[in-house]
Structure formats: C-alpha cells, structure tokens
Amino acid sequence: MNKFMLSLLCLVACTLTLNAQIEPAKAFKKAKRAYTAYNMDQANNAASLPEASEMINIAMEDAEVAASFEAWELRSQINSTTVNAAYNAYSASVIAGNAQEIEVSTLELANQAYSDAMKASELAIKKIQKSSMEGLLREVGNANYNAYSYYLEGKKYAEAFPHALNLTNAHEALVEMGEFYFPAAEDYSSLLYAAAFCGKAAKAEEAKTLYRKLIDMGSDNSAVYSDLFNILIEEGDEEAGLAVLDKGKEMFPDNQDILYAEINYFLKNNKYEQLVDKLKLAIEKEPENKSLYSILGVTYEQIYKARLASIGSENEETNMLFDSAVEYFGLAIEKDPEYTDAIYGLGALYYNKAAQNSEVMRNLGTSKADFELYDKLKAEMDDLFNKSLPYFQKVERIDANDRNSLIALKEIYAKQGNLDMSVEFKNRIQTIDDGGSNESSYFGN
C-alpha cells in the first residue's frame, strides 16, 4: 500500500473518530454555523453545505435534539437547499451544453425535506415557530418543484410523482395558514393534474384522490374524467368508472377524450352493440380518421358473426350487417389506399364468410337436395375467396412480411388447386418463422 493511500485511510479513520466524539448539541451548533456560512457566501463556502448536512444528521441521533422544532426546521432547510443547489448546477450545465445528471440520492432529499417540515409543523408551539413555517414550506416547495421538474424533463413520471404530491401538500398547508405557494388558482389546478397524471403512471393510490379533488373543484380539463375512468376500470371497479364517465359526458358532451375512453372500454370488453353509435359520433367529429371507419367495420363484422351464430343461417339482418362491415372497411381504404388494417380486414371479412360456407358443406348429407345446396354453397364460396384474394395480395404488396396475409394467400391458393402458389407462400411464411424476412413482395415484382 503506498503512502498516499495509507495517509488517506488514516484521515478517513480520524474523521470518523472525531464525528463519533461530537456531542449532538455541539453537532447541532456546528450545523447551524456551517449552514449560515454557506448562505453568506455560497461560492466560497460550498463545502459548508455538506458539512451542515453531516452535522445535523449526527445531531438528530440524540432524542433531546430530535424533540426540538429548530432541529427539524434546520434539517429541512439544509436538505431543501442541497436539492436547489444541485438543480441550479444542473440547469447551468444544460445551458452550457454539457448537462450533468443529478444523483437520485440528492433528489430524494426533497422528500426528506418535506417529511422534516411536517415534523417541524407538529412541534411548532410558539408563535414565532408557527410563523417561520411559512418560509419553510416555501423552501420545501421549491426543492420538490425542482426535483419534480428534473424528472418531468426526462419523462420519468412515476419518479416525479412523490415530489409533485409534496408540492401540492405544501401549497395546501400554506392555504390553511392564509398563504399560498401558487398565487393563481389555475397554476395550482395544473399542478394538481400533473401530480395525478404522474401518480397514474406510478400506479399510486393517491392518484384517485387527486383526480377526485380536481372533479370536486370543477376542473375544466376533460382528461381528468377519462384518466380516472381508466384507473377505475383497470382496478375492476366498472360501476364507479362508468359513473365518472357519465359525469364527464355531462360536463363535456362533445369532448373527444371522453368519447374515445368510452369507445376503448367497449372495444376492450367486446361490447360491440354499444359501439356503433359511439363510433358514428366519433366519425362525425373526426371524419378524416381512417381508423374509426376500420374499427366500425370490425364492429359490424363482430355483430354479424354473433347474430349468425345465434340464428344459424343468413337473413335480412345478417346481410345488412355484413354489407355495413364491407362499407366501412371500404371507407377506411378510401381515406388511405395503403391502410393495411382495413385492407386486410375487408379481405378477411370475405374469407371468413367463405370459410363458413365450407363448414356447412362439410356437414351436408348425400341427398339430391344436399348436392344441390353443396353446389350453390361452393359457387358462393369460390366467389367470396376470389373477392378476398386481391385484398390479401395488396397487403402483401405493401408489406411482404405480413404473416396473416401470407397465411390467407397460402390457404386460398390451396383451395383453388393452385399448389405452386400455395407452396410459394408457405415458403415465405417459413422464412419469417425462421427469423428472416422476405426481401421483396411477390406481387410487387
């Protein structure tokens, strides 16, 4: 071991010994002096801030010191100042073009500062102590605002949540004192929503409370209702979720956020009957949105399948539902001729109806009537397969590695007796399954 390392170890050992020997009352005084020195000349006394932090933590190990308002106030101030200094340095580094990250342990001091301030508030008995809480809460608010802002800049919403929550609580504590952190009500409302949004990302129980608080305040942000609805639905509380959504619809009858939240809910739960009118309303509001037409096509298709399954054969209603599905898939394609979701959807619609005929044909008997029905169904099936084929070909032309369209092409060509083409697409599917990709489209050549 070289002399430098030996000297360094001795210095560390001596420092630890000296700290262990410092009496808590003296450590508290040292913390106060160091913190005062830092505030008097931050540039030249930068080292005084970590010294103040070290001394106050030693002091707080003593029960008598920890029972005083002044100790909790001082530690809250030191921790807040440490976070603010780190954030100021970070902001300067960003401006200079060499952004330096802030240590997570430093940012966590903002939480500690808030906790310390709450403990100080409990111990504030004297008038002067209660009066000093106003300044302390503002300092704590600044530290948590900076920590929140830092995480928000990095889109780390879950990490930002505790600091946003602390800031809202600090503001509310100041309001109880007849003061405020946010002078404008809209600024507080904006932060409250941001805290709720971050809480949603963090899956924090407090998020629901924050959203409900915004609703009680009469928030004009429609996302408050759709966000809370989504949280409650994810938790399985359908009744409460739909109640929130109903209230949102009353407040914002023409709002798309709430409408889409409802549409997504019905889609996720396969409630297609309720979807039709919602999707048509959404199309009225957003007529160029191709996905809405395609989803309505899927919706009509699902209702068609359910009706057919329940009655066992086609009738006027099922034909109307099938035609409606064709219509809306077609409208989606009109909006975007290369919209593969709708192109494949329309191809699959014809293909699946052809497959239904195939299933019926497989179960027919050997009577003359059965043979006649077989011929009729086969003619319809062949026509439907022929109708579906161009749509799958077009999807393949746009995306040579769309596995679903390749499977459909393989099956159709096999049913048509074109084995060479069926093998071609079987090989193309195998290429994908082996981890490769088809370099070019068969129909694009």
Task: Cα gyration tensor category, rounded, prolate or oblate, for the range 250-304 with a/c compared to 1.5 - done: oblate
TODO: Could you check how much of the accessible area of the chain is carbon and sulfur, as a whole percent, using a 1.4 Å probe?
DONE: 51 percent
Open item on the list: Between R33 and F180, how high is the FRET efficiency from 1/(1 + (r/R0)^6) when r is the Cβ-Cβ distance and R₀ = 41 Å? Nearest 0.05.
Closed with: 0.80
Task: Charge dipole magnitude, Cβ of K and R +1, D and E -1 - the range 291-445, Cα centre, debye nearest 20 - done: 280 debye
Open item on the list: Given a 10 angstrom Cα cut-off, can you work out which residue in G236, G199, G97 is the most mobile in a GNM of the chain?
Closed with: G97
TODO: Using only the alpha carbon atoms of the range 144-261, find the Kirkwood hydrodynamic radius as the inverse mean reciprocal pair distance, in angstroms to one decimal.
DONE: 14.7 Å
- [ ] Please go through the residue pairs K305/K378; K290/K387; K155/K290 and name each one whose alpha carbons sit more than 24 Å apart in this structure.
- [x] K155/K290
Open item on the list: Treating the range 111-196 as a set of equal point scatterers at the Cα positions, no solvent, please give the Debye-formula log₁₀ I(q)/I(0) at q = 0.13, 0.14, 0.20 Å⁻¹.
Closed with: -0.40, -0.46, -0.87
Open item on the list: Ranking request for peptides 244-251, 191-198: highest mean number of other beta-carbon atoms within 10 Å first, then the rest in descending order.
Closed with: 191-198, 244-251
- [ ] Using the Cα centre as the reference, give the magnitude of the dipole from point charges on the C-beta atoms of the chain (Lys, Arg: +1; Asp, Glu: -1; all else neutral), rounded to the nearest 20 debye.
- [x] 1100 debye
Task: Solvent-accessible area per residue, Å², over the range 18-95 with all protein chains present [probe radius 1.4 Å] - done: 52 Å²
Task: Radius 13 Å from Cβ of T318, net charge of other residues (Lys, Arg +1; Asp, Glu -1) - done: -2
TODO: At a Cα cut-off below 17 Å, give the lysines reachable from K130, other chains included and same-chain residues fewer than 8 away excluded.
DONE: K119
Open item on the list: Ignoring everything except DSSP H segments at least 4 long, calculate the 222 nm mean residue ellipticity for the chain; use -39,500 (n - 2.57) per segment, divide by total residues, nearest 500.
Closed with: -26500 deg cm²/dmol
- [ ] Pick out, from T36, L321, L123, the residue whose Cα sits farthest towards the positive end of the charge dipole of the chain, with +1 on the Cβ of Lys and Arg and -1 on the Cβ of Asp and Glu.
- [x] T36
Task: P(r), alpha carbons of the range 54-105 - 10 Å bins starting at zero, rounded % - done: 23, 36, 22, 15, 4
Open item on the list: From the mean inverse distance of alpha carbon pairs (Kirkwood) and the Cα radius of gyration, derive Rg over Rh for the range 88-159.
Closed with: 1.10
Task: Segments 80-87, 300-307, 284-291 sorted - mean Cβ within 10 Å per residue, highest first - done: 80-87, 300-307, 284-291
Open item on the list: Defining a contact as two alpha carbons under 8 Å apart and six or more residues distant in sequence, what relative contact order in percent does the chain show?
Closed with: 6 percent
Open item on the list: If you count only protein heavy atoms with a 1.4 Å probe, what accessible area per residue comes out for the range 247-403, rounded to a whole Å²?
Closed with: 53 Å²
Task: Environment charge at Y150 (Cβ cut-off 15 Å; Lys +1, Arg +1, Asp -1, Glu -1) - done: -3
Open item on the list: Highest mean first, how do 122-131, 221-230 rank when packing is the count of other Cβ atoms within 10 Å averaged over residues?
Closed with: 221-230, 122-131
- [ ] Stick to Cα atoms and the Kirkwood definition of Rh, then tell me Rg/Rh for the chain.
- [x] 1.21
Task: Pairs beyond 25 Å (Cα-Cα), from K271/K426; K213/K249; K280/K335 - done: K271/K426
TODO: Could you please report the charge total around S48, scoring K, R as +1 and D, E as -1 over all other residues with beta-carbon less than 13 angstrom from its beta-carbon?
DONE: 0
Task: Two-decimal ratio, the range 330-410, of alpha-carbon radius of gyration to 2.2 N^0.38 Å - done: 1.30
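The values are calculated or read from the model by the stated rules, or taken from the named source; none is laboratory data. What you are looking at is a predicted structure, and each value in this text was computed from that prediction instead of being measured. Neighbour counts run over all protein chains shown; Cβ positions are idealised from the backbone, glycine included. Each accessible area value is taken on the protein alone, full model and side chains, heavy atoms only, with ligands, DNA and RNA left out. Shrake-Rupley method; radii C 1.70, N 1.55, O 1.52, S 1.80 Å.
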